[in-house]
Amino acid sequence: MPTKTHVKTASTCHPPETTQGTHIFDILGYSKHRGMGAHYSIRSGVFSVAGHSWVIFFYPDSYGEEAGGFDFVSAYLRLLSTRGKVRASCDLRLVNPATGASTSVHPTLVTVREFDPDGENHKACHCLCMISRSELEGTYVKNDRLTMECVVTVRKEPRVSKSRTFPSVKVPQSNLKRQLAGLLESREGADVTFSVAGETFAAHKIVLAMRSPVFKAELCGPMREVGSQPIVIEDMQPDVFRAMLYFIYTDSMDHDDDLARDYHSKNCDMVRYLLVAADRYAIERLKLICQSILCNNLDVQNVATTLALADQHHCDKLKHACIEFMSCSENMEDIVLTKGYMELARNSPSVLADAMLKMSNVSKKLVRRALQNAPDSA
């Protein structure tokens, strides 16, 4: 089984740096600029903030139809640099000549926006204010002079550190299965031996007792056999006993390639023998695995034989699967002609009769379900 590798990395985003600059724009002879038309503007000197060039455009007779005629004045900030997009906020403050204090025209609208000198005209400009002439001239114009302060705050891109890898401790894949298989193969510390059809197997009582209640009773109970002679196992082939021992130690059936191919092929004789052995020694997980393999490989030739095996060894789920397979099969005539079906009819007529009854019930359910799902006839 491949080892999973997990790499943990991290990076840090620092708060974005900002650079702020204030440009004071004095307009002398304010009245001299009146009456020049909506498109007439007064341009400030170019000033620099964060290495970018900016300029203010003031329209004393408003600008554009959205201003509603000449009752308004407006001011715009424009980015002149061509070094790419800039994120900035701008605040226009008008100086009250009576107090010398400056007041933001739109304090709630000072938000960061993107200036794009390479984009359309409106993307390079930002409206600083649009204020009524009466308010402007009544409060902020004195001695024909208007003073404004434009505060530009450039927001730089946040600085993100390089990703760094967290130190980690690699844990290898568990090798318990391999160690237990090696323990079985090496026979080190073995304290019990079995003789199966003339072949001897060494094992460990504690492992067998832990995995099988039958072995526990035979090896550790009051009826345990005492002595050093091998315990003789009747009615079992050495390959089957070997495969069962391997499963007991490793909880796996992949002892060798030939056996693994048998597990997943149509030739399931070894699986049948293992099921019998698992039932004999009450190794329930092995018994269920064998049932699953046999269920997945049901066909016309083996379904009757598998049904007899399932009934004999109390495999209710496998037995139900065989009956359902026979009920749904379109080749029932071929099933009847198989050797397994003939042996089932001869040796276990009650099993066959019970199966036929259940097949009838299953067929009725299928017919009823089909009728329920069929569209209403006209």
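So the values come out like this:
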{"item": "Selected residue (only one of Ser53, Ser81, Ser31, Ser89 is more than 21 Å from Val154 (Cα to Cα) and either more than 58 Å from the chain's Cα centre (by Cα) or in contact (Cβ under 8 Å) with a residue 24 or more places away in the chain (or both))", "result": "Ser31"}
{"item": "Residue in segment 139-167 that is nearest to the chain's Cα centre (by Cα), counting only those that are of a type in the set (S, T, N, Q), closer than 30 Å to Gly21 by Cα and in a strand (DSSP E or B)", "result": "Thr153"}
{"item": "Every pair of residues 6+ apart whose Cβ atoms lie under 6 Å, when the first sits in segment 338-349 and is modelled with pLDDT under 85 while the second is in a helix (DSSP H, G or I) and surrounded by 13 or more Cβ atoms within 10 Å (Cβ to Cβ)", "result": "Ser348/Ala308"}
{"item": "Selection from segment 288-324 of residues that are surrounded by fewer than 19 Cβ atoms within 10 Å (Cβ to Cβ) and either among the acidic types (Asp, Glu) or closer than 14 Å to Lys358 by Cβ (or both)", "result": "Asp299, Asp316, Lys317, His320, Glu324"}
{"item": "Hits in segment 149-167 - residues which are surrounded by 11 or more Cβ atoms within 10 Å (Cβ to Cβ) and closer than 30 Å to Phe57 by Cα", "result": "Glu149, Cys150, Val151, Val152, Thr153, Val154, Arg155, Lys156"}
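Results for (1) surrounded by 13 or more Cβ atoms within 10 Å (Cβ to Cβ); (2) at pLDDT 95 or above; (3) part of a strand (DSSP E or B); (4) not basic (Lys, Arg), shown as yes or no for each residue.
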residue: Glu137; (1), (2), (3), (4): yes, no, no, yes
residue: Val169; (1), (2), (3), (4): no, no, no, yes
residue: Lys177; (1), (2), (3), (4): yes, no, no, no
residue: Glu188; (1), (2), (3), (4): no, no, no, yes
residue: Phe201; (1), (2), (3), (4): yes, yes, yes, yes
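The values are calculated or read from the model by the stated rules, or taken from the named source; none is laboratory data. All values reported here derive from a predicted model rather than from experimental measurement. FYI the Cβ positions are ideal-geometry reconstructions off the backbone, even for glycines, and counts take in every protein chain you see.
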